[in-house]
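The values are calculated or read from the model by the stated rules, or taken from the named source; none is laboratory data. Treat the numbers as computed from the prediction; the structure is a model and nothing was measured. A quick note on method: Cβ atoms are made from the backbone with ideal geometry, for glycine too, and the neighbour counts reach across all protein chains shown. We work out accessible area using only protein heavy atoms, side chains counted, and drop any ligands, DNA or RNA first. Shrake-Rupley method; radii C 1.70, N 1.55, O 1.52, S 1.80 Å.
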Number of protein chains: 2
Amino acid sequence: MCPSAASTSADPAPVPTTEGAVPPEFTPVDTHAPSQPEVVAAKNGTTPQHNPYAPRASDFLSNVSNWKIIESTLREGEQFANAFFDTETKMKIAQALSDFGVEYIELTSPAASEQSREDCKRICQMGLKSKILTHIRCHMDDARIAVETGVDGVDIVIGTSSFLRKYSHGKDITYIIKSAIEVIEFVKSKGIEVRFSSEDSFRSDLVDLLSIYRAVDKIGVNRVGIADTVGCANPRQVYELVRTLRGVVSCDIECHFHDDSGCAVANAFCALEAGATHIDTSVLGIGERNGITTLGGLIARMYVVNPEYCKSKYNLAMLREVENLVADAVQVSVPFNNPITGFCAFTHKAGIHAKAILANPSTYEILKPEDFGMSRYIDIGSRLTGWNAVKSRVEQLELELTDEQVKDVTAKIKELADVRTQSMDDVDTVLRVYHKHVSSGALGLRQPARFDELLAEHKSQNGSEAGDEPAAKKQKTSA
Amino acid sequence: MCPSAASTSADPAPVPTTEGAVPPEFTPVDTHAPSQPEVVAAKNGTTPQHNPYAPRASDFLSNVSNWKIIESTLREGEQFANAFFDTETKMKIAQALSDFGVEYIELTSPAASEQSREDCKRICQMGLKSKILTHIRCHMDDARIAVETGVDGVDIVIGTSSFLRKYSHGKDITYIIKSAIEVIEFVKSKGIEVRFSSEDSFRSDLVDLLSIYRAVDKIGVNRVGIADTVGCANPRQVYELVRTLRGVVSCDIECHFHDDSGCAVANAFCALEAGATHIDTSVLGIGERNGITTLGGLIARMYVVNPEYCKSKYNLAMLREVENLVADAVQVSVPFNNPITGFCAFTHKAGIHAKAILANPSTYEILKPEDFGMSRYIDIGSRLTGWNAVKSRVEQLELELTDEQVKDVTAKIKELADVRTQSMDDVDTVLRVYHKHVSSGALGLRQPARFDELLAEHKSQNGSEAGDEPAAKKQKTSA
């Protein structure tokens, strides 16, 4: 019942503090910003009562460095418009997810269809590292089928929203609790894990929700689940509901967020901050409508907080392979703006960015591309380039130019880029020709005709597209 | 200096409360969940001091129903890897954004290149409804060029992160304030709006940040900006920083969030909750790396809170057109899982979902597709279908079947869908043939051979792909 029981997982991972986990140059603002009581006190003109630099009272609830993934590509993902997974595809996806390192894989109810039941059995027999769960309605009929498949656990769901209450008030909550207890006790009697989740939790009555959760917690359910089935929840609302629930139940707390309003990753993070222990994901977020928390998005978010913890649990370099496997299976493209694996997630373009990244990647990168098997690409050939970025390239090419000369040639690059973006090869050519030009004693671009002549001469001798652009080309086509 | 000065916009929009704006069946959990002080008190075993059902003290800061968009597709978006906008494209995008209704359009610095300057002037001469801003470094050189272009305002940015401080401590903050004041006063002297923003605000020293913001607020800057330049911020951290800043400055607060860790939409929302007034977006989020808060994502998020306010300000049905225009210009596809306009954002598949949606769309939809010129698609031909969903279709087709018969034919649909997902046309055929079968006195699928024969007969007479599937086909190819 107390918050220190925040995680009751069988094998709790080490819990480094958030502060200890972030890079030394990272100064989280929230440890410096006064918390609500201080602000209120300050506004009243009184002296703040607490030290604003002390950890927040709520911080010890946080599981941002102690959480598990329930990967639902083979359940929620099967509800995606384009999804039709045959047995072989399901097995391939399950194998890849297990190799990636997700703690749980959730499968479609074996009661959904005969093939669903067969596939569930087959995947249970694969001997994967991940535990296998299946997701059923809160019915004894479904439960009896589920426990015969060989799963490690059963996820039970039932609708509890105000919509349901409206049409059959009062009796329903009693009925829900009664049937939940029956199904939970049956599953437990088989010696496997059991979770009980409400549906559309954020439009359910709080008192009803807490009553149900407390009842199932008392009879020893392993996890309770909160589900934002319609994708309406926002981060602070999630934080408050999970924190409230954390004070009511002692079991684990699983959260499931749809992305209709773009908050599924952020809501998952705030749930963990409030003491949730398990997050539902699917690869690329596939699911009903526009889907749920994406596996890659959650990884990106949690890596920012504690990269070492993420690296210790998951094979991060496999993320792209897992995403490509699922994207192929459901015939979609990996979104161009996907966190981590989007084709331009590590491309830097504005002059001010390119300059700093060349000096120190952590200036504009919170994720290390190499940890994900990705590579960085710095674009210094656009009209947005700057002379400092160009200077870094000049130094890499070991050309000797003064700052004034670098500024001079940068103006030329911008002029060319106003017509067409210049590739790294184009930029290098301009730099080399410029260097040759000034080395011969010419006055840089104050003699533009001579420079243009030299550039044309160089291009005709070397062909227009040769050069050292492998990183760029590789990156541009990786998605 | 007081929170009631949360918005100092020139033309404040009406400020309905969040509670008044949400649909009646929506019960936000956060008005029921006890706020932090109550939880603490309850845990100590004392009586809570406040009424947990009262609005939270912080709620009056919220601008979730009073905010503006600074649309940066033509500035941040130009920093996207694939972006190279010629003059015509820029003008088309600007026109579309203005027609959509964004309050501000931000353009690349005219100091970036000669063409950038020309384009800035041209767009200012278009007579758009949106105000035109340009984004410059905190340099007098840039400012002098900017104010000559005809823009309605200038957005100034300067780096303030700990990285900067580390290499030149102390003097830099003084220097930043000094140059900021010089540039701001110059821009103000021209009678146009001016914003001052830090860069990488969430890795900057809080005291430095607040000192700078207060200094520029005192000399009458119109807006101060917070920027999560590296995409590391999380929602509650954003809420705290904005709320703290809200107590320090009386001017408007603009926020800019990158999406490296998937929180750009959620962070924007929490910033508005804490009293921010302006949010930077770009169409599909295009920008450095994987980009920033998407225009569509922000609209989805804010529509959930107050649909009427969003509809009153923006031409929501134009969203898809604006996205397609930009997607074409930068040669990307609209992500399959995009909020609102993703091809399956309004597709419902699991039986339990399909059944409820047929009865009442608000059960599983928080966004009304018709408000965005989109349409709903209900998939009842998958192995995840349910008899209630099938029953609804039977009623739509005006076929008379008993519940037992509907369950019987649902089993047949699941059997067929285990082999291949059935289109709506396929399902309708099965239903019509089944109806004919039982009307002739047959015992449903207890006479399966006869049914299969009838089905084959029907298909050979009618062709396999004819039928009434326009909604499905339209939806599937819309992206």
Out of (1) open to solvent by 10 Å² or more (accessible area, probe 1.4 Å); (2) under 19 Å from A:N234 (Cβ atoms); (3) more than 9 Å from chain A (Cβ to nearest Cβ), the odd one out for B:N306 is which?
(1)
For residues in the stretch A:329-357 being open to solvent by 20 Å² or more (accessible area, probe 1.4 Å) and free of Cβ contacts under 8 Å to residues at least 40 places away in the same chain, which is farthest from the other protein chains (Cβ to nearest Cβ)?
A:K355
Can you tell me which of (1) within 10 Å of chain A (Cβ to nearest Cβ); (2) open to solvent by 10 Å² or more (accessible area, probe 1.4 Å); (3) modelled with pLDDT of 95 or more is the one B:E76 doesn't meet?
(2)
Listed by first then second residue, the pairs whose first member lies in the stretch B:412-438 and is more than 10 Å from chain A (Cβ to nearest Cβ) and closer than 23 Å to A:R117 by Cα, whose partner is in a helix (DSSP H, G or I) and open to solvent by 10 Å² or more (accessible area, probe 1.4 Å), with beta carbons under 6 Å and at least 6 positions apart or on separate chains, are B:K412/B:L445; B:Q422/B:L416
Would you pick out the residues in the stretch A:404-425 that are open to solvent by less than 30 Å² (accessible area, probe 1.4 Å), modelled with pLDDT under 90 and among the polar types (S, T, N, Q)?
A:Q422, A:S423
Would it be correct to say that A:A479 is aliphatic (A, V, I, L, M), under 30 Å from A:P335 (Cα atoms), at pLDDT below 90 and open to solvent by 60 Å² or more (accessible area, probe 1.4 Å)?
yes
Go through (1) open to solvent by less than 20 Å² (accessible area, probe 1.4 Å); (2) within 14 Å of chain B (Cβ to nearest Cβ); (3) modelled with pLDDT of 50 or more for A:V29 and report which single condition fails.
(3)
For B:D371, indicate whether it is of a type in the set (D, E) and under 30 Å from B:I292 (Cα atoms).
yes
Restrict the check to the stretch B:175-197 and report whether at least one residue is within 14 Å of another protein chain (Cβ to nearest Cβ), out of contact with any Phe, Trp or Tyr (no Cβ under 9 Å at 6 or more places or on another chain) and modelled with pLDDT of 95 or more.
yes
Where residues in the stretch B:358-368 are more than 10 Å from every other protein chain (Cβ to nearest Cβ) and assigned to a helix (DSSP H, G or I), which of them is nearest to the chain's Cα centre (by Cα)?
B:P361
B:V40 fails exactly one of the following numbered conditions: (1) in a helix (DSSP H, G or I); (2) at pLDDT 95 or above; (3) within 30 Å of A:Q237 (Cα to Cα); (4) of a type outside the set (S, T, Y). What is the number of that condition?
(2)
Given the condition open to solvent by less than 40 Å² (accessible area, probe 1.4 Å), more than 14 Å from chain B (Cβ to nearest Cβ), in contact with a Leu (Cβ under 6 Å, 6 or more places away or on another chain) and charged (D, E, K, R), answer yes or no: does some residue in the stretch A:98-112 qualify?
no
Please determine whether any residue of the stretch A:315-324 is in contact (Cβ under 8 Å) with a residue 60 or more places away in the chain, part of a helix (DSSP H, G or I) and crowded, with 21+ Cβ neighbours inside 10 Å.
yes
For the stretch B:372-403 the number of residues that are over 30 Å from B:C310 (Cα atoms) and either buried (at least 24 other Cβ atoms within 10 Å of the Cβ) or touching a residue at least 12 places away in the same chain (Cβ under 8 Å) (or both) is 20
For residues in the stretch B:198-219 being touching a helix residue (DSSP H, G or I) at 6+ places or on another chain (Cβ under 8 Å) and away from chain A (no Cβ under 14 Å), which is surrounded by the most Cβ atoms within 10 Å (Cβ to Cβ)?
B:V216
Looking only at the stretch B:246-295, how many residues end up being open to solvent by 10 Å² or more (accessible area, probe 1.4 Å), closer than 24 Å to A:I340 by Cα and more than 9 Å from every other protein chain (Cβ to nearest Cβ)?
1
Return a yes/no flag: does the stretch A:355-362 have any residue that is closer than 23 Å to B:C263 by Cβ and modelled with pLDDT of 90 or more.
no
For A:E114, are the conditions met, namely being more than 27 Å from the chain's Cα centre (by Cα) and over 29 Å from B:S362 (Cβ atoms)?
yes
Looking only at the stretch A:169-197, how many residues end up being in contact (Cβ under 8 Å) with a residue 60 or more places away in the chain and surrounded by fewer than 24 Cβ atoms within 10 Å (Cβ to Cβ)?
1
